[in-house]
1. With charges set only on the Cβ (+1 for Lys and Arg, -1 for Asp and Glu), what does the dipole of the stretch 494-597 come to about its Cα centre, in debye to the nearest 20?
2. Pairing the Cα long axis of helix 713-730 with the longest principal axis of the chain, what angle in degrees results, from 0 to 90 and rounded to the nearest 10?
3. Rounded if a/c is under 1.5, else prolate if a/b is larger than b/c, else oblate: which is the stretch 444-488, with a ≥ b ≥ c the root eigenvalues of its Cα gyration tensor?
4. Could you compute the net charge surrounding R119? Neighbours are other residues with a C-beta less than 11 Å from the C-beta of R119; K and R count +1, D and E count -1.
5. Compute the FRET efficiency between C184 and L27 as 1/(1 + (r/R0)^6), taking r as their Cβ-Cβ distance and R0 = 35 Å, and round to the nearest 0.05.
6. Can you give the Kirkwood hydrodynamic radius for the stretch 55-149, in Å, rounded to one decimal and based on Cα pairs?
7. Below 13 angstrom from the Cβ of I400, what's the summed charge of the other residues (Lys, Arg +1; Asp, Glu -1)?
8. Mind listing which trypsin sites (Lys or Arg not before Pro) in the stretch 510-549 are in a DSSP loop and have 14 or fewer other Cβ atoms within 10 Å?
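Since every read-out is calculated from the coordinates, none of them should be taken as a lab result. What you are looking at is a predicted structure, and each value in this text was computed from that prediction instead of being measured. With ideal geometry, Cβ positions are generated from the backbone for all residues, glycine too; neighbour counts draw on all protein chains shown.
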Amino acid sequence: MNSRAFPEYDPHAIEARRQAAWRERDLFRTPDPAEDRPRRYIKPSAPFTSGNIHIGHVRSYSIGDAYARFCRARGDDVLFAFGFDSFGLPAEMGAIAGKVSPSAWVSRCAEHMTGQLERLGFSFDWNRAFMSSDAVMYRWSQWLFLTLLEAGLVYRGTGTVDWCDTCQTTLATIQVEDGTCWRCHNPVRLIQRPQWYLRISTYLQENDRNLEELEQSGIWDENALASQRFVLGRVDGVELDMQGEDGATLTVFTPHADAIEQARFVAVSPRHPQVELWAADDGELRERLEELRAGGLERAAREAETMPLVDSGRALSSLSGGAPLPVIVTPTVDGRYGATAVLGVPERDRTDAVIAERLLGDLPADAAGAQLASMDTRAAVRYRANDFTISRQRSWGTPIPIVYCERCGTVPVGKEQLPVLLPLDLKPTGEGNPLAERSEFVNTKCPSCGGEAKRETDTLDCHFDALWLWVPVCVPPSERNAPLEQILALDDLRAWLPSERVVAGSDSGNFVFDQRTVAKALRDIGPLEFLKDGEPFAGCLFHEMVIADGRKMSKHLGNVVDPDDLLERYGADTIRLAVLYAARPQRALNWSDSAVQRCHRFLRQLWGYAQAHLAPSADGAASASGAQGSGDKVTTQDGTATRDDAGVAAMGPDKTEHLRVRLAKWCEIAVEKITADLEELQMHSAVRNVMRMFDRIRDYESRVIAKRGSLCREDRDALIAALTMLAVVLTPFAPHMADELLATAGQDPLHAQPVWPGVSSEVPA
Ligand SMILES: [Zn+2]
Ligand SMILES: [Zn+2]
């Protein structure tokens, strides 16, 4: 027998065939949640509709998909679906470049990306996919905005934004290139304008407290936990009360509990509420604060040398008297400790040293001192995380459901009137604000008095959409158009939340942090009351990115790996296997073709070997002896093997029983290891163990042949059983080939029963 007797490994044909079979059976449809089966909502990241799937997406979804397929094979109910994050600047820029409306642009991108993801064979439930820019979806953002506004967690403040006079538009940070406008290259200046803010300070302590439990759960990986700690920016120290000349007290923090006597000044954040009170009856201070804010708190250089400083003209001293410390207002506080007041300790802190030099150069070194040291202090914590703006002066976003009425002021739109629709035929050019120029959008009636009013023409940043983007896939498609109050009352939300595992890139820390914050707000407000600890994600894996030659991939460097090219050359199973094999998720994957070659060779060899051993022979029995596969290095046997169905009895003494026992033991151990790897999402290790299992099977065959020249029926049965088990454990990683091999072995790879080795098809208790 030679390789011509079996079909060559043809990934394109196999993959098209398997994908058609999955579609036909609607195999990845989310089951109705049942009481008696474990439920896992595996949350992939929501891709921006940027145009193309890149190799980073392939890595991310290959990890999540392997886990989803593993969980289904064990008999769990799995929800694995996402929505496209289709609002925002990248889509708007893409539309400008393509000279089409953003809605047409994102539809085209989503369709293309869906096709790419389908060809890669990811087992998403496409019935639940959605686009955040669809009206039925962005009403969620509008509802959330109004709900958080009622709860005092959304508020209006003043922010600083980059402004281009030529284009008459505000610019995002990435649209400012060396201080000039990306579009017209004229200089950009900072302006102040009203902005909407999300208040996160209310939940910082709880987000912090819960980290310990998340860590103990064992299913939050170290990257994800570290990102949450980083965003939170916790600083431990002490606080003490100080008193102004007017008798009012101010609580002041320092991380340097043992150096309080070295404090030389008090630094206060411009966002500290006390600053407003001081400015209220101090015209000069008010003016200087205006200047400071116009300079831009967010964008001001992070260096203490250039950060704005305002002398408040005030001083604070300890409650027990002593020399007062001067008080300055500076945004250098915010980036280190949040919107608070701190002691300036030049001996301990470089920023404080610079400030002291700039403001207090001639201050006597011992101006304050002993009095402060004797003061009562108490342990305290501050967080660097701050409230942030959620509004943008751009047209491609969720309209903010607010109207401005001359008589009533700022009036929220009633929830029953949602959605406030975004005109779909907008064609942004990068100039002006297209939404503000649409009179049929802007002019409306005041929900309160019925008089003439104007709509808010800012839209919500797509980061705001991301706050809830993890919820709607829990809703059955048939309920998607129902009123939101009805949707939020569905048992489905209670069944699927919290998500059992988030699988996302390690740059998702801010998203996850803010989602955790909003989940707590919605728990307290009511709709997510069933999430007792306010945690939307029971587990979380953050993988690192894919790089090339040790550098980030970019068109500019010409080192971008295109998944479509790889798909064309090797097929989906090879790419998926390669991104899993090449590195553990927590490490950057430095792209190399050798991992692709290695994985492709493995699949080719396995294909050839399995065809030779699993495919039924002419007489109906599986052929388990000596055929050469299409791959190289396949252990082969010459044509002398007997092709009859002789068992041990017919072939003399059983010289190979111990080999069969050992093969079974090898397989059992391999499956245990692969299962443990999959439970921990250590896919690189799982793939290696799958490859080793194949080596063991081939090793077994050559030993049997060495012993008795050919395989008896029992030997052959053992080999087929091992190969079949190998096909099952290959399913999470190279699902097309695995299904094809199972079909070759006469099994139905599409059955709904649990198939993972060691899992009983009985419903677990
Ligand atoms: Zn410009
Ligand atoms: Zn009114």
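1. On the way: 13 positive and 15 negative charges, 60 e Å.
For this selection, approximately 300 debye.
2. That helix lies at roughly 20 degrees to the long axis.
3. Oblate.
4. Values: positive: none; negative: E15, E118, D564, E568.
Here the charged neighbours net out to -4.
5. 0.10
6. Working: mean 1/r = 0.0655 Å⁻¹.
Across the stretch 55-149, the inverse of the average 1/r is 15.3 Å.
7. +2
8. Numbers: sites: R516, K520, R523, K532; in loops: K532.
Within the stretch 510-549, the qualifying trypsin sites (Lys or Arg not before Pro) (loop, at most 14 other Cβ atoms within 10 Å) are K532.
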